[in-house]
Amino acid sequence: MSTIADLRLPAAETALATTFERVPRATFELESSVSKTRPSLWVTGVDRETADDAFAADPSVETTELLVETDARLLYDVTFADETDADRLWNDLLADGGSLLEARATDGWWRMTVRYRDRKQLCDAYDRLVERGINADLRRVTDVTDTDGHETRLTPEQQEALEAALEYGYFEIPRGVSMEELADELGISHQALSERFRRAYETLVDAELQPAETKSRPNSSRPN
């Protein structure tokens, strides 16, 4: 059994506090396919020059590298400084083997989805946050039980991709494997693996959010 937790954490007490002071309307979202060893963040709602200045002024950020620039958003590789609140945040959340599935920050709040082996591991991580004075808001806890005969709406290809990602440490920070390396392990292209992840995330979120009475209905379309 594993446990998936949705948490809300104030940026002022965790990561990118100064950046948010400089660009309060910006949105930051963890990229799940680019960086091999560092978190990569999509930034929207702000231009490049303003984003660069905000990162440069933030003591929690050691270095940034712009990877992608479009009209709508920017993608940065980010190195957080050691022993800062940001660095300690990842350690508190993931110290016992937790896997960061999603992280998004807007309006001064981080919203994160983390997978743990069990509820005890989640409780230990939560206690570490509280002990550091972080106002951690645990929004939702979902226990996922793997048993024989368990019905899943994931295709075999999607399930294989997620299981491999967990096995090789893809969801860890820093990553144990890059998207390209994981795709090679599975014998598929980077683009195909990225699409499997996207479809799998969509399926899992849909299964979690839809009304309980509809969850037992068969899935008529199961894309790879």
Next on the checklist: Residues to consider are 165, 207; find the one that is part of a helix (DSSP H, G or I) and at pLDDT 85 or above.
Outcome noted: 165
Next on the checklist: Being basic (Lys, Arg), out of contact with any Lys or Arg (no Cβ under 8 Å at 6 or more places or on another chain) and not in a helix (DSSP H, G or I) is true for just one of 139, 128, 115. Which residue is that?
Outcome noted: 115
Item to check | Condition met for residue 22 (modelled with pLDDT of 90 or more, of a type in the set (Lys, Arg) and open to solvent by 10 Å² or more (accessible area, probe 1.4 Å)) | outcome: yes
Next on the checklist: Please pick out the residue among 106, 113, 79 that is touching a residue at least 40 places away in the same chain (Cβ under 8 Å), in contact with a Leu (Cβ under 6 Å, 6 or more places away or on another chain) and among the hydroxyl-bearing types (Ser, Thr, Tyr).
Outcome noted: 113
Item to check | Only listed residue being of a type in the set (Asp, Glu) and buried (at least 19 other Cβ atoms within 10 Å of the Cβ), chosen from 137, 77, 85, 107 | outcome: 85
Next on the checklist: Restricting to region 162-204, name every residue that is of a type in the set (Val, Ile, Thr) and within 14 Å of the chain's Cα centre (by Cα).
Outcome noted: 173
Checklist entry - Taking into account only those residues within region 168-180 that are surrounded by 15 or more Cβ atoms within 10 Å (Cβ to Cβ) and more than 17 Å from residue 102 (Cβ to Cβ), which is modelled with the highest pLDDT? => result 178
Item to check | Criterion violated by residue 114 - all others in (1) crowded, with 21+ Cβ neighbours inside 10 Å; (2) within 14 Å of the chain's Cα centre (by Cα); (3) closer than 24 Å to residue 58 by Cα satisfied | outcome: (3)
Checklist entry - Out of the residues in region 117-152 that are over 20 Å from the mean Cα position of the chain (by Cα) and small (Gly, Ala, Ser), which is modelled with the lowest pLDDT? => result 149
Item to check | Residues satisfying the stated conditions in region 48-64, i.e. at pLDDT below 95 and either surrounded by fewer than 17 Cβ atoms within 10 Å (Cβ to Cβ) or of a type in the set (A, V, I, L, M, F, W, C) (or both) | outcome: 59, 61, 62, 63
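The values are calculated or read from the model by the stated rules, or taken from the named source; none is laboratory data. This one's a predicted model, so the numbers in the text were calculated from it and none came from an experiment. Neighbour counts run over all protein chains shown; Cβ positions are idealised from the backbone, glycine included. Note: areas computed on protein heavy atoms with side chains; ligands, DNA, RNA excluded. Shrake-Rupley method; radii C 1.70, N 1.55, O 1.52, S 1.80 Å.
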